[in-house]
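**Q** So that we are looking at the same thing, I have put the structure below in structure tokens.
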Amino acid sequence: MEVLINSKNDVSHEIEIIVPFEELQPHFDKAYREEAKNIVIPGFRRGRVPLQIIKKRFGKEIEYQIIEKLSNEFFRDAIEERDIKPVGQPVLHDLDYKPEEALTIKVSYETEPDVVAKDYAGLQLERLTHTVTDDEVDDEVRGVLKSRRTLEAAEMADDDDFLVTVDIQMLDDEGKPVAGQRNENMKVEMDDEYLNRDLKAELLNMKAGEEKDVELTHAHGDHEHTERAHIKVKSIERVTLPELTDEFVAGYTNGQAKTVAELRTMIHDRLVEIWEQRYRQQFENDLVGEIVKRNSFDVPQSVVDSILDDWVKQVQEQQPDKKFPADFNMEEYRASRTKEANFTAQWMYLRDNIIEKEGIKLEDSDVEEKAERDSAAMGIEKERLIEFYKNAPQYTQTMLVEKLVAFLVENAEVKDIDDNDLSRTGMDAMSFHDHDDHDHAHDHGHSHDHDHDHDHDDDAAADTDDNEETK
């Protein structure tokens, strides 16, 4: 048996196995004898048909029947002899049997990459920092008040203290509706500083029930473009905010804050936490990205596919009744995330190698510290959490990776950069809201400096509201 291995790269290979007929013959003869026990030919008793007759009449059929089985055996023997450990499912993509001559088998398979991480210590990185301002706290306080606002029907909006509900249908150059570009029952806050200026001007001159065609100018960086739209005012409501008093604060926070000053402090601290968390995650992503960039290598496609399978499953779990929408394009989704999955696979191999090289291990004390931190937040006894974490591989793996990241940060040269001076980092301003091209209530090209809408389901003070169990 001749074995040839052709490698496309470090992880993708093809093995070609050529088995001469002389080596196949014993396997065929054994198959003939086995089949002879069941073959019935007139003139011969069952099991007494001469072997030569069986070969002549059924030989090719019997040989082809066992070739696939033999192919698997030959492949298994070949990789075991060479200590090859395939990843994923090998694929038999060529089987060529020439009777009386030889059997040629070609199997594609993948192997784990031989990863030896390098250049992961002493990384020079920049980490963004943010100083929470009084203006940001003011913005959040106003959001708190708006969460307790009252609405009263009105005929016309004549200042910023109104909520206008509109339908917006985008039009083409000929004034015809553009398919798929319609927003119904859009809630427009007239005091929204990012509200499209043309739309605001039109709404200030319209009454409830009125509709008309308008032109909306949108800013895109240094240039602008104008689009046509048909807007219909569905309703107009005057917004009245409650007075900000100590009594209001105590009721809103269930007594966690008793004064306006305490509320402002609570909001300030929560905003600090939000910014630190976001920039910490961004910094860790930059760190991982730099390590992957310095350690480029091929990863098995089967591993990438497995990661994509997990992501698809996660998306499906989030759908109503766990069913994909009718227009969900599976192929397009997987293609759009393949690069990300490849990156994730590379990091998985690198992190495991660094953990092994540096002897990073999860100690009982690590689990106990996490359980102690989480106990108060979750309202679960520390000992119960310790037992749960130790018996949940997904949590122990997460803690181990967190320990690895802490090690990498400790061994990096980190320079803190205030996000007011983003020009030094080459980064754009942090944007907590992403607006697609047809969010026509807002101008394009801006970045919000807060991370939530002002219905305040998730605002800086939301965890002081009535739903304490959601913390």
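**Q** DSSP loop trypsin sites (Lys or Arg not before Pro) in segment 174-265 with at most 14 other Cβ atoms within 10 Å of their Cβ, which ones?
**A** Listed in order of number, the matching sites are Lys258.
**Q** Out of all Cα-Cα pairs in segment 311-353, roughly what percent, to the nearest whole number, are more than 16 Å apart?
**A** Tail of P(r) above 16 Å: 49 percent of Cα pairs.
**Q** Separate question: Would you please report the Å³ per residue occupied by the convex hull of the alpha carbon atoms in segment 94-138?
**A** So the per-residue hull volume is 185 Å³.
**Q** So, with a 1.4 angstrom probe, what is the percent of accessible area on the chain that is carbon and sulfur?
**A** That fraction is 44 percent.
**Q** Determine Rg/Rh for the chain; Rg is computed over alpha-carbon atoms and Rh is the Kirkwood hydrodynamic estimate from the same atoms.
**A** Radius of gyration over Kirkwood radius for the chain works out to 1.14.
**Q** What residues have an amide H closer than 5 Å to that of Arg127, excluding those fewer than 5 places away on the same chain, when H is modeled at 1.01 Å from N in the peptide plane?
**A** Sorted by chain and number, the residues that satisfy this are Lys415, Asp416, Ile417.
**Q** Separate question: Just to confirm the filter: which GluC sites (Glu not before Pro) across segment 284-340 are DSSP coil and have at most 14 other Cβ within 10 angstrom of their Cβ?
**A** Sites meeting the loop and neighbour criteria: none at all.
**Q** State the answer as a single residue: which of Phe297, Ser12, Val239 lies farthest towards the positive end of the charge dipole of the chain, with beta carbon charges of +1 for Lys and Arg and -1 for Asp and Glu, about the Cα centre.
**A** Going by the Cα projections, it comes out as Ser12.
**Q** Of Thr217, Ile66, Met266, which is farthest towards the positive pole of the chain's charge dipole, taken about the Cα centre with +1 and -1 on the beta-carbons of Lys, Arg and Asp, Glu respectively?
**A** Highest projection toward the positive end goes to Ile66.
**Q** Could you pull out the chymotrypsin sites (Phe, Trp or Tyr not before Pro) across segment 303-337 that fall in loop regions by DSSP (anything but H, G, I, E, B) with no more than 14 other Cβ atoms inside 10 Å?
**A** Loop-located and lightly packed - Phe328.
**Q** Still on this model: On average, how much accessible surface per residue is there in the chain, in Å², for a 1.4 Å probe, leaving out ligands, DNA and RNA?
**A** Accessible area per residue: 60 Å².
The values are calculated or read from the model by the stated rules, or taken from the named source; none is laboratory data. Since the model is a prediction, treat every value here as computed from it, not as a measurement. All Cβ positions, even for glycine, are placed from backbone atoms using ideal geometry, and neighbour counts span all protein chains on display. Note: areas computed on protein heavy atoms with side chains; ligands, DNA, RNA excluded. Shrake-Rupley method; radii C 1.70, N 1.55, O 1.52, S 1.80 Å.
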